[in-house]
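Engineer: Mind looking over this structure? Questions follow.
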Amino acid sequence: MNNKESASNQKGYRRIIPSMTALLQFESVARLNSFTLAGKELGVSQAAVSKQIRVLEENVGMQLFQRMHRNIYLTEAGETLFAIISESLQKIASGFDQIIQGSEKEEIVLASTAAVSQFRIMPRLNRLVEVLPHVRLRLATQMFLGDLRSPDFDMDIRFGNGHWPDGEAILLFEEEVFPVCSPTWLARNPMPVTLEDLANAGLLDADATSEGWITWSGWFKGLGLAISKLNINLRCSLYTDVIQAAVNGYGVALGWGRMVDHLVDSGELVKLEPFVLRQKESYYLVVRHGHGMTPNVQAVVQWLQSKAMPTPMQMLRE
């Protein structure tokens, strides 16, 4: 963009947004639900705040607050404006915070689903300072795989075939799925010897997700066994809840190997042999177009591929 175009855009913004002061005062009033409290927060009089809000309402051509005798309420237009301004101010404040507090550090925004964040990222956080001493990581945890495709993220972790149009996919690791239980559950129940034994063992199941993860019925089918009825002890919406129930001894869960390896290594979960289903798809780190394969990106890949830090239980045994 040349200087002439830039100047034209600036004039346009000043025409559309005539008073940043009014917007800041509006945000304060909407957040505190009070003209008086907003004036105290901003160091101006209540009358000055009211005047700015009236000017803003005249500019947008709509009433932003419903003024009652003792209370004020945002109108529908006010709710819309407040949501936009709040998000924008948060981004501006975050930018200032990065400049003031961490100008010597690069910030990388890494997105993942909740399961990957809890089971793959969190157990490895202690290694982060070793591999990325000059980088500050910001984790953006999303509920669904589709939510990962945002331009606000530098990179994200996905499970799939490695072909996505919005970035370069770097293979992290392949995956296999196997049953896991706690030592306490195994002490109370006989060891499953066949797939039929396993189907009646008291299973913990999670709803199918957009990540491509399978349920127990899909897992048995993948191993060539069609079972009409499974003995399900508990069904959860989130995979993280399923694993927590397994750790607590409530039944047998499907262990996605790259997610639960640290729990198996620590002895909190037991891998039930020899039932293993290898997946056709894998985990990838997707780097947004324009970011490139920098040394920091390579360090993130190595960090995500590394073994988890020893748990306190493991350290005591060693």
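Engineer: Of all residues in segment 48-102, which are modelled with pLDDT of 85 or more, outside any helix (DSSP H, G or I) and not polar (S, T, N, Q)?
Structural biologist: Gly61, Met62, Leu64, Phe65, Arg67, Ile72, Tyr73, Leu74
Engineer: Between a residue in segment 212-232 that is surrounded by 14 or more Cβ atoms within 10 Å (Cβ to Cβ) and any residue that is acidic (Asp, Glu), which pairs come within a Cβ distance under 6 Å, given they are 6 or more apart or on different chains?
Structural biologist: Short answer, once both residue conditions are applied: Gly212/Glu281; Thr215/Asp205; Trp216/Asp205; Ile232/Asp205.
Engineer: Same structure, new question: Looking only at segment 159-177, which residues are touching a Leu at 6+ places or on another chain (Cβ under 7 Å) and on the phi < 0 side of the Ramachandran plot?
Structural biologist: Ile170, Leu172, Glu176, Val177
Engineer: Being modelled with pLDDT of 75 or more and assigned to a helix (DSSP H, G or I) is true for just one of Pro123, Pro133. Which residue is that?
Structural biologist: Being modelled with pLDDT of 75 or more and assigned to a helix (DSSP H, G or I) holds for just one of Pro123, Pro133, which is Pro123.
Engineer: Among the residues of segment 142-178, which ones are polar (S, T, N, Q) and either at pLDDT below 85 or surrounded by 19 or more Cβ atoms within 10 Å (Cβ to Cβ) (or both)?
Structural biologist: Those that are polar (S, T, N, Q) and either at pLDDT below 85 or surrounded by 19 or more Cβ atoms within 10 Å (Cβ to Cβ) (or both): Gln142, Ser150.
Engineer: Can you name the residue in segment 27-43 that is touching a residue at least 12 places away in the same chain (Cβ under 8 Å) and not polar (S, T, N, Q) and, of all such residues, is surrounded by the most Cβ atoms within 10 Å (Cβ to Cβ)?
Structural biologist: Among those residues, the one meeting the criterion is Val29.
Engineer: Out of curiosity, is Gln52 buried (at least 16 other Cβ atoms within 10 Å of the Cβ), of a type in the set (S, T, N, Q) and either free of Cβ contacts under 8 Å to residues at least 12 places away in the same chain or within 15 Å of Thr21 (Cβ to Cβ) (or both)?
Structural biologist: yes
Engineer: Take the residues of segment 253-267 that are touching a residue at least 60 places away in the same chain (Cβ under 8 Å) and surrounded by fewer than 18 Cβ atoms within 10 Å (Cβ to Cβ): which is farthest from Lys307 (Cα to Cα)?
Structural biologist: Here the answer is Gly267.
Engineer: While we're here: Restricting attention to segment 275-294, does a residue exist that is modelled with pLDDT of 90 or more and part of a loop (DSSP other than H, G, I, E, B)?
Structural biologist: Within segment 275-294, one or more residues are modelled with pLDDT of 90 or more and part of a loop (DSSP other than H, G, I, E, B).
Engineer: For segment 183-197, name all the residues that are touching a helix residue (DSSP H, G or I) at 6+ places or on another chain (Cβ under 8 Å) and either among the hydroxyl-bearing types (Ser, Thr, Tyr) or surrounded by 13 or more Cβ atoms within 10 Å (Cβ to Cβ) (or both).
Structural biologist: The answer is Trp185, Pro192, Leu195.
Engineer: Checking the structure you have, find out if any residue of segment 283-303 is surrounded by 14 or more Cβ atoms within 10 Å (Cβ to Cβ), touching a Ser or Thr at 6+ places or on another chain (Cβ under 8 Å) and either more than 26 Å from Leu186 (Cα to Cα) or of a type outside the set (D, E, K, R) (or both).
Structural biologist: Scanning segment 283-303 turns up no residue that is surrounded by 14 or more Cβ atoms within 10 Å (Cβ to Cβ), touching a Ser or Thr at 6+ places or on another chain (Cβ under 8 Å) and either more than 26 Å from Leu186 (Cα to Cα) or of a type outside the set (D, E, K, R) (or both).
The values are calculated or read from the model by the stated rules, or taken from the named source; none is laboratory data. None of the values given here were measured: they were computed from a predicted structure. Glycine also receives a Cβ, built like all others from the backbone with ideal geometry; neighbour counts cover every protein chain displayed.
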